[in-house]
Amino acid sequence: MSTYECDGCGACCGAYLIFASESDAAREPRIRDEGRRLADHLVTERWTYQLFPLPFHSSCGFLDADKRCTIYETRPEVCREFAAGADPCQDARRRAGLPPLSVVEVSGQSRNADAGNSASRTTGH
Ligand code: SF4
Ligand code: SF4
């Protein structure tokens, strides 16, 4: 079968507004420490902390110099839902000057085809 496999380019971690919820922060306490809490009237169930854009950051502050997510295992839900190869991924890559992500052929069980903003190549994202 064919699918997309995230190549860990990290483009999506600096291309869109990125928000995390209170439950994301309960799973990953660094979100509370390093994200910006929204004003109360802006808080929703899914949006409590803003991770990007933030001052002095060209991408999410959890992205390291090697384009790896330093909280990958506990990353926000919005990052887990981000699909490698879908239009937002391809658009982020285009804006970063990268070629489109190509379809890859996989045999047997499908490998991890979703990304969720950025970068753990060890899990196929
Ligand atoms: S995957 Fe990690 S580095 Fe990328 S936006 Fe999400 S939390 Fe930030
Ligand atoms: S999901 Fe993000 S990190 Fe993965 S290929 Fe697409 S833009 Fe790059």
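FYI, it's all coordinate maths here, none of it is from the lab. All values reported here derive from a predicted model rather than from experimental measurement. Positions of Cβ are backbone-derived with ideal geometry, glycine not excepted, and every protein chain shown enters the neighbour counts.
Applying the condition of being of a type in the set (Phe, Trp, Tyr) and touching a strand residue (DSSP E or B) at 6+ places or on another chain (Cβ under 8 Å) to the range 54-104 and asking which residue is nearest to ligand 2 (Cβ to nearest atom) yields 82.
The single condition among (1) in contact (Cβ under 8 Å) with a residue 40 or more places away in the chain; (2) more than 12 Å from ligand 1 (Cβ to nearest atom); (3) part of a helix (DSSP H, G or I); (4) of a type in the set (A, V, I, L, M) that residue 98 does not meet is (3). Restricting attention to the range 63-95, the residues that are in a helix (DSSP H, G or I), in contact with a Lys or Arg (Cβ under 6 Å, 6 or more places away or on another chain) and not hydroxyl-bearing (Ser, Thr, Tyr) add up to 0.
Of all residues in the range 1-53, those satisfying the criterion of being of a type in the set (A, V, I, L, M), closer than 20 Å to residue 88 by Cα and either within 16 Å of ligand 2 (Cβ to nearest atom) or surrounded by fewer than 20 Cβ atoms within 10 Å (Cβ to Cβ) (or both) are 11, 15, 17, 18, 51. So, in the range 79-92, exactly how many residues are near ligand 1 (Cβ under 7 Å from one of its atoms) and either more than 13 Å from residue 28 (Cβ to Cβ) or among the β-branched types (Val, Ile, Thr) (or both)? Going through the range 79-92 one residue at a time, the tally reaches 0. Is it fair to say residue 56 is of a type in the set (Phe, Trp, Tyr), within 16 Å of ligand 1 (Cβ to nearest atom) and assigned to a loop (DSSP other than H, G, I, E, B)? Yes.
Of the residues making up the range 5-50, those that are among the hydroxyl-bearing types (Ser, Thr, Tyr) and either out of contact with any Leu (no Cβ under 9 Å at 6 or more places or on another chain) or within 16 Å of ligand 1 (Cβ to nearest atom) (or both) are 16, 21, 23, 48, 49. When the range 1-32 is filtered for residues that are out of contact with any Cys (no Cβ under 6 Å at 6 or more places or on another chain) and closer than 13 Å to residue 48 by Cβ, the ones remaining, listed by number, are 19, 20, 21, 22, 23, 24, 25, 26, 27, 28, 31, 32.
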